[in-house]
Amino acid sequence: MLSDALRALREIFAPPYRREMWLTIALAFVLLVIFGAALQWALTALPEFGPDLAGGWVDAAIEFIARFLAVIVLIPLVHPVVSLVAGLFLETIAARVEEEDYPADPPGNDQPFWQSLGTALRFTIVLIVVNLLALPFYLLPVANVAIFWIVNGYLLGREYFELVTLRHLAPAEAEAMRKRHRARIFFAGVAVALFTTVPVLNLLAPLFATVLMVHTYKGLAARRAA
């Protein structure tokens, strides 16, 4: 798994993937700016009690708490937003990895654009809901990082592995393969979750995840065929 992760990390900066890399970064940045502007607007819409109530301390406390919560909420949203944007290119990226690194293997079948978009939307909603539910645990010192890696490692491993395997297998076969190798897929997902915690690089996490899962699937398929 480590060799696949290092290989994926090296490949995402290679020329064949640079177009998707810059498009993902640019579009994700625009969406995050829009989210940030919406949160800022929500903060300005908070009611004010004025200096007559506790000398203005109530207003100051509300503003501080609201801004703190806005930051805490925005951080877990970074990866879902990037995943939604990258979902537009993931089929292209997976096909390119297969063509570049596994030219002798039969090519995978691309999902229709609207089906890929629907998958990306579903995955984005799941990531947002689960991370918002886990938000109270993210406030725990030290444990919050481990919880983030475990929760998102499971989700990311499952979703990206299914994305890749469905290019080659029927849904039932893809599900059975994921269950047989759940431990390896989980740790591959944790590697992606670790990647998402690195500032700036987290914008490339879906690209890294897709490349990593193609190598993971190919390794498992080759072992199965041997």
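The values are calculated or read from the model by the stated rules, or taken from the named source; none is laboratory data. Everything numeric in this text was worked out from a predicted model, so none of it was measured. Don't worry about glycine lacking a Cβ; one is built from the backbone with ideal geometry, like all the others, and counts go over all protein chains shown. Keep in mind that these areas ignore ligands, DNA and RNA; they rest on the heavy atoms of the full protein, side chains included. Shrake-Rupley method; radii C 1.70, N 1.55, O 1.52, S 1.80 Å.
Of all residues in region 8-25 being modelled with pLDDT under 80 and under 18 Å from the mean Cα position of the chain (by Cα), which is surrounded by the most Cβ atoms within 10 Å (Cβ to Cβ)? In this case the residue turns out to be T24. When E175 is tested against (1) closer than 20 Å to S3 by Cα; (2) part of a helix (DSSP H, G or I), only condition (1) is not met. Of the residues making up region 180-189, one or more are more than 21 Å from the chain's Cα centre (by Cα) and at pLDDT 85 or above. For region 152-175, residues that are among the hydrophobic types (A, V, I, L, M, F, W, C) and open to solvent by 40 Å² or more (accessible area, probe 1.4 Å) total 3. Here A146 passes the criteria (1) over 27 Å from A221 (Cα atoms); (2) small (G, A, S); (3) open to solvent by less than 30 Å² (accessible area, probe 1.4 Å) except the one numbered (3).
Would you check which residues across region 176-212 are closer than 27 Å to V33 by Cβ, loosely packed, with under 15 Cβ neighbours inside 10 Å and not β-branched (V, I, T) and list them? Scanning region 176-212 gives P199, L201. Each residue in region 119-143 was checked for being small (G, A, S) and either surrounded by fewer than 19 Cβ atoms within 10 Å (Cβ to Cβ) or more than 13 Å from the chain's Cα centre (by Cα) (or both), and 2 pass.
Among the candidates G219, G153, G118, G189, the residue that is of a type in the set (G, A, S), in contact (Cβ under 8 Å) with a residue 12 or more places away in the chain, more than 21 Å from E98 (Cα to Cα) and part of a helix (DSSP H, G or I) is uniquely G153.
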